[in-house]
1. Would you check if residue 46 is surrounded by fewer than 22 Cβ atoms within 10 Å (Cβ to Cβ) and modelled with pLDDT under 95?
2. Can you confirm whether the stretch 161-179 contains a residue that is surrounded by fewer than 21 Cβ atoms within 10 Å (Cβ to Cβ) and in contact with a strand residue (DSSP E or B) (Cβ under 8 Å, 6 or more places away or on another chain)?
3. If I go through the stretch 6-18 residue by residue, how many of them are part of a helix (DSSP H, G or I) and touching a residue at least 40 places away in the same chain (Cβ under 8 Å)?
4. Checking the structure you have, find out if any residue of the stretch 392-401 is under 27 Å from the mean Cα position of the chain (by Cα), in contact (Cβ under 8 Å) with a residue 60 or more places away in the chain and not in a helix (DSSP H, G or I).
5. Conditions: (1) surrounded by fewer than 21 Cβ atoms within 10 Å (Cβ to Cβ); (2) closer than 28 Å to residue 37 by Cβ; (3) out of contact with any helix residue (DSSP H, G or I) (no Cβ under 6 Å at 6 or more places or on another chain); (4) at pLDDT 95 or above. Residue 295 meets all but one. Number of the miss?
6. Taking the stretch 344-365 on its own, how many of its residues are within 18 Å of residue 11 (Cα to Cα) and in contact with a helix residue (DSSP H, G or I) (Cβ under 8 Å, 6 or more places away or on another chain)?
7. Out of the residues in the stretch 182-201 that are within 17 Å of residue 146 (Cα to Cα) and touching a helix residue (DSSP H, G or I) at 6+ places or on another chain (Cβ under 9 Å), state the one that is surrounded by the fewest Cβ atoms within 10 Å (Cβ to Cβ).
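The values are calculated or read from the model by the stated rules, or taken from the named source; none is laboratory data. Nothing here was measured: the structure is a model prediction, and the numbers come from that model. Note that we place each Cβ from the backbone using ideal geometry, even for glycine, and neighbour counts take in every protein chain shown.
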């Protein structure tokens, strides 16, 4: 089928395919750096426990240096239509120096900023509260030891400063997202004290205001993690309340809730209470297992909520998965493109007709339309989008992914 025929098919349902393509081109996806090296980072200090972070597998080709990671990213972005962002963790500094986490400065990340500017990419940032000797108790900002809390507070302050400077140089606000692994493996007798300590630490860390045109604070919850199965200090309820009281972004990570929860359903609920939302899109097969995104029902429901509730302009879409059993660049490309495909499908839905039927309690029409539009030629519109952006599709894409993976197989 030609694109003109596909466009006419959507027009029969009152949908403007050209408007959908124009809107999709405006939506940046923040691709996560840590897929490229299995969350190892480039610190020169000896490693410590993962703090609830694990990548499974040893597929050849892992990036070992910032230059290798940037080369992998450049290839991946060349296979993804549109203009996007990079989400950088603080442990990915690029410097000959050896700063501890409470000593990091903007200059340690300057090569990343120069590269992003050259590539036309926006940046986002994350303090790294895991894989460090002072996180081995799985307690950081909520640790009962004030010295350890102060160490991590300083790390958070410096991360916010770095993010703000990145935003100033790049002319685009950097989302600085805070996630800590704090919790207990077995049932604690006092849940209130660590949560109060976490709140006070966050207040101290975020006390210095920054220009929101340069940096946006976000906080991220989790249901549980490795080593903190009994209690996570930074629960969803904790951070939702914190975000509302302190006017930060609230991060909803699709892997950080119970597997039976529909995270898409949370969007419109929290949107009534917070100004902006950060999404970490992932695929939890059992819990927070961070599999590569598929074009499945959960991803499409997320995209549908963003579009139908008009939340795109209030939501920052980031990805968070890491699979070391497959080509890391292929994971980036397929996962990011699937997020875009889900958004395109949502943008091509006849929302006015569907909402009208629902408001009239005409659930039969809602069901009929919802099912019939599943047969529309979405793939043809997606191929047109990729062609306009000079990006490969189909067999050509598959061949390019295999070719690039072969070029990095010798890394060890």
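1. So residue 46 fits the description; yes.
2. Yes: one or more hits.
3. Result for the stretch 6-18: 5.
4. yes
5. (3)
6. The number of residues fulfilling the criteria is 11.
7. So, considering only residues that are within 17 Å of residue 146 (Cα to Cα) and touching a helix residue (DSSP H, G or I) at 6+ places or on another chain (Cβ under 9 Å), the one surrounded by the fewest Cβ atoms within 10 Å (Cβ to Cβ) is 200.
Results for (1) out of contact with any helix residue (DSSP H, G or I) (no Cβ under 7 Å at 6 or more places or on another chain); (2) at negative phi; (3) surrounded by fewer than 21 Cβ atoms within 10 Å (Cβ to Cβ), shown as yes or no for each residue.
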position	(1), (2), (3)
112	yes, yes, no
126	no, yes, no
132	no, yes, no
140	no, yes, no
145	yes, yes, yes
148	no, yes, yes
153	no, yes, no
